[in-house]
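The values are calculated or read from the model by the stated rules, or taken from the named source; none is laboratory data. Being a predicted model, the structure only gives us computed values, none of them experimental. Every residue, glycine as well, gets a Cβ built from its backbone with ideal geometry; the counts of neighbours run over all protein chains shown. Only protein heavy atoms, including side chains, enter the accessible area calculation; ligands, DNA and RNA are left aside. Shrake-Rupley method; radii C 1.70, N 1.55, O 1.52, S 1.80 Å.
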Amino acid sequence: MPDVRPPCPPFTPETAAQKVQAAEDAWNTRDPQLVALAYTPDSVWRNRDVFVHGREEIVDFLTAKWERELDYALRKSLWGFHGNRIAVRFQYEWHDHRGQWWRSYGNELWEFTDQGLMSRREASINDVAIDEAVRRITGPRTPQQHGMEIPIQ
């Protein structure tokens, strides 16, 4: 029997928001093995200019990402959904090994199996250098912050 990762499609406003928050929570653990479990074994990604195929490559990709993007903290926001697809906008902050802080802005397109596993992820991301003093994402959201909109800039 295949893994099931509720909520499963077709999505409603409530279940789509739950799926987005669950993804944010998982990515904020910075645990590549845990994050990879939300994807099908043959999941296909485009992340910027990198193409990733399957859970093993997802783990390798995320391991390298979080070795490079230190103190990573993420916010995701539901943009839209239909059937088994969800569109998300997101921002995350991190610093490099030299101490430069960055805010990364992006959009993702997700496609899910009937079991609620993500089979396709396409991410477009831009990085903006910021001063540490203007950081606004310093860790995972508290439950009271779930669903709060993220500013555009």
Legend entry - Cα gyration tensor shape of the range 71-147, rounded if a/c is under 1.5, else prolate or oblate by comparing a/b with b/c: prolate
Inset, instruction - Show that you can apply the helix-only estimate: for the chain, add -39,500 (n - 2.57) for every DSSP H stretch of four or more residues, divide by all residues, and state [θ] at 222 nm to the nearest 500. - result: -7500 deg cm²/dmol
Inset, instruction - When a/c is below 1.5 the answer is rounded, else prolate if a/b is larger than b/c, else oblate, so apply that to the range 8-153 with a ≥ b ≥ c taken from the square roots of the Cα gyration tensor eigenvalues. - result: oblate
Inset, instruction - Kindly express, to the nearest 10 degrees and within the range 0 to 90, the angle between helix 13-28's C-alpha long axis and the longest C-alpha principal axis of the chain. - result: 50
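For a quick check of your reading of the filter: which GluC sites (Glu not before Pro) in the range 109-153 sit in a DSSP loop and have no more than 11 other Cβ atoms within 10 Å? Spell out each step's value before the answer.
Details: sites: GLU111, GLU122, GLU132, GLU149; in loops: GLU149.
Sites meeting the loop and neighbour criteria: GLU149.
May I ask you to compute the full-extension gain from ARG98 to GLN144, defined as 0.36 nm times their residue separation minus their alpha-carbon distance, rounded to one decimal in nm?
On the way: separation 46, 0.36 × 46 = 16.56 nm, distance 3.37 nm.
Here the answer is 13.2 nm.
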Legend entry - Heavy atoms of HIS82 accessible to a 1.4 Å probe, total area in Å² rounded to 10: 150
Inset, instruction - Give me the percent of the accessible area of the range 62-136 that comes from carbon and sulfur atoms, probe 1.4 Å, all protein chains in place. - result: 49
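Can you give me the accessible area per residue for the chain, using a 1.4 Å probe, in Å²?
I get 55 Å² per residue for the chain.
Within the set of other residues whose C-beta is less than 13 Å from the C-beta of GLN100, count the net charge using Lys and Arg as +1 and Asp and Glu as -1.
On the way: positive: ARG68, ARG98, ARG103, ARG135; negative: GLU69, ASP71, GLU93, ASP96, ASP127, ASP131, GLU132.
Local net charge: -3.
Pull up the DSSP beta bridges for the chain and report the antiparallel fraction as a percent, rounded to 5.
Bridges in the chain are about 90 percent antiparallel.
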